Protein chains: 2
Amino acid sequence: MDQPWTPRPKPENPERLERRIEFPDYESNRHFLEKLNDLSEQEGRFPDISFGRTYVNITLRAEGADTPIGEADHAFAAAIDGLL
Amino acid sequence: MDQPWTPRPKPENPERLERRIEFPDYESNRHFLEKLNDLSEQEGRFPDISFGRTYVNITLRAEGADTPIGEADHAFAAAIDGLL
């Protein structure tokens with residue numbers, strides 16, 4: 001059967017901010033992750049995080065379910081940058 | 001041009017162990033991640049970890065570059081289970 005037009009980006013795959021950060025060693029990586037944890041708890045925002053020994057990937061979604069990335073999200077991203 | 005046969009799984013995408021764990025809240029998730037960090041440092045093994053507010057995904061690769069998953073890897077996976 002023919003398929004209807006599919007909107008892109010998909011509604012279930014909304015706009016987001018991503019950043020990859022590399023560290024010289026696990027010690028500095030862990031130190032950053034601890035500060036990020038504290039910031040997350042303080043702000044009540046929990047981005048999706050992937051990490052290995054010397055890298056962290058952060059994915060930040062908009063606060064609301066169907067809202068685009070806005071000022072509050074860029075401010076939170078800047079606060080994360082401030083931890084570095 | 002014709003392509004040669006491609007081995008699967010690809011050599012650059014080797015065998016690994018994966019486990020997803022869900023938590024009732026961020027507090028218990030964070031507590032688990034801290035224990036996992038301590039275990040990683042103690043063993044000198046740093047699996048790839050993804051997490052959000054209430055979940056953790058762990059990907060464990062074999063110790064050696066070209067070695068299949070073996071006893072030491074299953075033992076490390078069991079040690080992670082022991083943290084729960």
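The values are calculated or read from the model by the stated rules, or taken from the named source; none is laboratory data. Here the structure is a predicted model, which means the values were calculated and not measured. Glycine gets a Cβ as well: all are built from the backbone with ideal geometry, and neighbour counts include every protein chain shown. In case anyone asks, the SASA skips ligands and DNA or RNA and just uses the protein heavy atoms, side chains included. Shrake-Rupley method; radii C 1.70, N 1.55, O 1.52, S 1.80 Å.
Rounded to the nearest 0.05, what FRET efficiency do residue B:55 and residue A:71 give with R0 = 30 Å and r taken as the Cβ-Cβ distance? Could you check?
Numbers: r = 28 Å, r/R0 = 0.94.
Calculated transfer efficiency: 0.60.
All other residues with a Cβ under 12 Å from the Cβ of residue A:67 taken together, and with Lys, Arg as +1 and Asp, Glu as -1, what is their net charge?
Numbers: positive: A:16, A:61; negative: A:15, A:63, A:66, A:71, A:73.
For residues surrounding residue A:67, the net value is -3.
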Legend entry - Cβ-defined net charge surrounding residue A:58, 9 Å radius [Lys, Arg +1; Asp, Glu -1]: 0
Inset, instruction - Using a cut-off of 11 Å between beta-carbons, work out the net charge of the residues near residue A:44 (Lys and Arg +1, Asp and Glu -1, residue A:44 not included). - result: -1
Inset, instruction - Pop the C-beta distance of residue B:42 and residue A:18 into the FRET formula with R0 = 35 Å and round what comes out to the nearest 0.05. - result: 0.65
Legend entry - Kirkwood Rh, Cα atoms: Rg over Rh of region A:41-84: 0.98
Legend entry - Accessible surface ranking that places the most exposed of A:23, A:51, B:46 first, with a 1.4 angstrom probe: B:46, A:23, A:51
